[in-house]
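The values are calculated or read from the model by the stated rules, or taken from the named source; none is laboratory data. These numbers come from a predicted model, not from an experiment. Don't worry about glycine lacking a Cβ; one is built from the backbone with ideal geometry, like all the others, and counts go over all protein chains shown.
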Amino acid sequence: MKKIILIGNVACGKTTICQYLNHMEIRYKKTQALEVYNTTIDTPGEYLENRGYLRSLMVTATETDQVVFVQDASRDQFFFSPGQSSAFTLPVAGVVTKIDIATPKQIADAVELLQLAGADPIFKVSPMTGEGMEELVAFLEEKEAAAEA
């Protein structure tokens, strides 16, 4: 699986995605510091919300294969800047979370905002229900498939 860094605001679902990808029990846990689980780096939401920490995200990302911007579709707050993906020297994908509790318009808005930030591809998921997670996992496993070929 690609080594990834999950970046998003507080309570957007980064830790839940991390738990799902690493076959852990899904439970709420506030991430207080950078945490590494196998090939997944979970970051505190404050690192995105406080612009002074953005350099820390960029430096940490250099140790990964893929940056993943995470956006909670059920919230109207958006912390990614237009073109923010260009700050990273790696590919940036987007993940819209909480699609099980968001409206179709909220989901579409979240996709559009991640596109403006430069994320591509974009996945719509709910780790709580599993919806969309199969596609995300397949994308993250592409590195292994390419290496085996």
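Worth pointing out:
- Filtered residues of segment 25-36 (kept if loosely packed, with under 14 Cβ neighbours inside 10 Å and of a type in the set (Ser, Thr, Tyr)): Tyr28
- Options Tyr20, Tyr53, Tyr37, Tyr47: the member that is of a type in the set (Ser, Thr, Tyr) and either touching a Ser or Thr at 6+ places or on another chain (Cβ under 8 Å) or at positive phi (or both): Tyr47
- Search result, residues across segment 56-66 that are of a type in the set (Val, Ile, Thr) and either in a helix (DSSP H, G or I) or out of contact with any Ser or Thr (no Cβ under 9 Å at 6 or more places or on another chain) (or both): Val59, Thr60
- Residue identified as of a type outside the set (D, E, K, R) and modelled with pLDDT of 95 or more among Gln84, Gln19, Gln32: Gln84
- Yes/no for Val36 being of a type outside the set (Asp, Glu) and assigned to a strand (DSSP E or B): yes
Table: residues versus (1) touching a Leu at 6+ places or on another chain (Cβ under 6 Å); (2) surrounded by 14 or more Cβ atoms within 10 Å (Cβ to Cβ); (3) aliphatic (A, V, I, L, M).
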residue	(1), (2), (3)
Arg75	no, yes, no
Phe88	no, yes, no
Ala93	no, yes, yes
Ile107	no, yes, yes
Gly132	no, yes, no
Glu135	no, no, no
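- Listed by first and then second residue, the pairs linking a residue in segment 120-132 that is of a type in the set (Lys, Arg) to a residue that is in a strand (DSSP E or B), with Cβ atoms under 9 Å apart and 6 or more places separating them unless they lie on different chains, are Lys124/Val95; Lys124/Val96; Lys124/Thr97; Lys124/Glu131.
- Residues within segment 119-130 that are modelled with pLDDT of 95 or more, surrounded by fewer than 16 Cβ atoms within 10 Å (Cβ to Cβ) and either not in a loop (DSSP other than H, G, I, E, B) or not acidic (Asp, Glu) (or both), tallied: 1
- Search result, residues across segment 80-103 that are over 19 Å from Phe139 (Cα atoms) and outside any loop (DSSP other than H, G, I, E, B): Gln84, Ser86, Ala87
- Some residue of segment 134-142 being touching a Ser or Thr at 6+ places or on another chain (Cβ under 7 Å) and part of a loop (DSSP other than H, G, I, E, B): no
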